[in-house]
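Undergrad: Provided herewith is a single structure, encoded as structure tokens, for subsequent inquiry.
The values are calculated or read from the model by the stated rules, or taken from the named source; none is laboratory data. Nothing here was measured: the structure is a model prediction, and the numbers come from that model. Glycine also receives a Cβ, built like all others from the backbone with ideal geometry; neighbour counts cover every protein chain displayed. We work out accessible area using only protein heavy atoms, side chains counted, and drop any ligands, DNA or RNA first. Shrake-Rupley method; radii C 1.70, N 1.55, O 1.52, S 1.80 Å.
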Amino acid sequence: MKRNFVTAVLMTVATSILLGIIYPLVVTGFANVLFPQKAAGQLIQRDGKIVGSRIIGQPFTGPGYFHSRPSAAGGGYDAANSGGTNLGPTNQKLIDRVKRDVFALQSGNPGRPVPIDLVTTSASGLDPNISPAAAEFQIPRVAHERGMSEGELRVLIATHTAGPQFGFLGETRVNVLELNLDLDATNAPQKQR
């Protein structure tokens, strides 16, 4: 009995060290060598300053910017508190919020259907992408605010549109942070943010 107990304790300690310390360090080391940008969180820098990550959404609220999808992570876009709302499609709180958001968005684009990703959160609450339809929906507002033509914005959106990974995984998407950074580089907002 004592021998079995000692063996069990030693195996627990050995596997904890091997799988809890050594294995993660080896995998992290390989990731940093083979995929340094991805292992570091795919951070985007401008003028030596980190402005965001390609893989974590952030809010844009100014009228001269393309807006991300809503976030349910913490107080919104909180990477330490990632998660959806867990509200089902029949939950009145969710229904009321979506109706308010649709009404607000349609007031700027009367008669146009609102893309679903502009009024619903992603499962993580941190989705950095919107659909091309969601970007297209926002073109009139951004064009007006920046004094740009809608055609110029469509070209900019097309350059930031990525297809499904490997041609079949996921959806066609537009990274909002990269689009807005390119928008600022191309045409600074005319009005106050």
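Undergrad: Amide H of SER68: which non-local residues (sequence gap of 5 or more, or other chain) have their own amide H closer than 5 Å, using H built in the peptide plane?
TA: PHE60
Undergrad: Under a GNM of the chain (C-alpha, springs under 10 Å), which listed residue has the highest mean-square fluctuation: ASN180, ASN91, ASN81?
TA: Ranking ASN180, ASN91, ASN81 by mean-square fluctuation puts ASN91 first.
Undergrad: When all protein chains stay in place, what accessible area (Å², nearest 10, 1.4 Å probe) is found for THR85?
TA: Solvent-accessible area, nearest 10 Å²: 60 Å².
Undergrad: Loop-only GluC sites (Glu not before Pro) in segment 103-193, please: DSSP not H, G, I, E or B, and at most 13 other Cβ atoms within 10 Å.
TA: Passing both the DSSP loop test and the Cβ count: GLU171.
Undergrad: Which whole-Hz ³J(HN,Hα) couplings does segment 162-174 yield from phi under the Karplus relation 6.51 cos²θ - 1.76 cosθ + 1.60, θ = phi - 60°, glycine and proline marked x?
TA: Listing the rounded values in order: 10, x, x, 5, 6, x, 8, 9, x, 10, 5, 8, 10 Hz.
Undergrad: Keeping all protein chains in place and using 1.4 angstrom, which order do SER149, SER122, SER107 fall into by accessible surface area, from largest down?
TA: Largest accessible area first, the list is SER107, SER149, SER122.
Undergrad: Counting only protein heavy atoms and using a 1.4 Å probe, what share of the accessible area of segment 111-193 belongs to carbon plus sulfur, as a whole percent?
TA: Summing carbon and sulfur atoms, their accessible area is 56 percent of the total for segment 111-193.
Undergrad: To continue, here is another question. Multiplying the sequence separation of VAL27 and SER124 by 0.36 nm and subtracting their Cα-Cα distance, what value in nm do you get?
TA: Extra length from VAL27 to SER124 when fully extended: 32.5 nm.
Undergrad: Separate question: Suppose only helical runs count, i.e. DSSP H with n ≥ 4. What mean residue ellipticity at 222 nm does that imply for the chain under -39500 (n - 2.57) per run, divided by all residues and rounded to the nearest 500 deg cm²/dmol?
TA: -13500 deg cm²/dmol
Undergrad: Continuing with the same structure: By how many nm would the segment from LYS49 to ARG100 lengthen if fully extended, with 0.36 nm per residue of separation less the alpha-carbon distance?
TA: Roughly 14.8 nm would be gained on extension.
Undergrad: Picking from GLY147, GLY41, GLY167, which is most flexible by a Gaussian network model of the chain using Cα springs under 10 Å?
TA: Result for the chain, Cα springs under 10 Å: GLY167 fluctuates most.
Undergrad: Please compute the per residue accessible area over segment 1-147 with all protein chains in place, 1.4 Å probe, rounded to a whole number of Å².
TA: It amounts to 64 Å² per residue over segment 1-147.
Undergrad: Still on this structure, please answer the following. Out of these labelled values of P(r) over Cα pairs in 10 Å bins from 0, in percent, [x] 8, 26, 30, 16, 9, 6, 3, 1, 0; [y] 8, 35, 37, 16, 3, 0; [z] 10, 36, 33, 17, 5, 0, which was calculated from the coordinates shown here?
TA: [x]
Undergrad: Sorted by accessible area with a 1.4 angstrom probe, largest first, how do LEU118, LEU18 fall?
TA: Accessible-area ranking of LEU118, LEU18, largest first: LEU18, LEU118.
Undergrad: Further question on the same structure: In whole Hz and in residue order, list the ³J(HN,Hα) couplings for segment 24-29 that follow from phi through the Karplus curve 6.51 cos²θ - 1.76 cosθ + 1.60, θ = phi - 60°; x for Gly and Pro.
TA: Karplus values, whole Hz, x for Gly and Pro: x, 5, 5, 5, 4, x.
Undergrad: Please sort by residue number the chymotrypsin sites (Phe, Trp or Tyr not before Pro) in segment 119-193 whose DSSP state is loop and whose Cβ has at most 16 other Cβ atoms within 10 Å.
TA: Within segment 119-193, the qualifying chymotrypsin sites (Phe, Trp or Tyr not before Pro) (loop, at most 16 other Cβ atoms within 10 Å) are PHE166, PHE168.
Undergrad: Then there's this: Using +1 at the Cβ of each Lys and Arg and -1 at the Cβ of each Asp and Glu in segment 1-122, identify which of TYR65, LEU43, GLY88 lies farthest towards the dipole's positive end.
TA: About the Cα centre, the residue reaching furthest to the positive side is GLY88.
Undergrad: Ignoring any ligand, DNA or RNA, what whole percent of the accessible area of segment 1-54 comes from carbon and sulfur when the probe is 1.4 angstrom?
TA: 70
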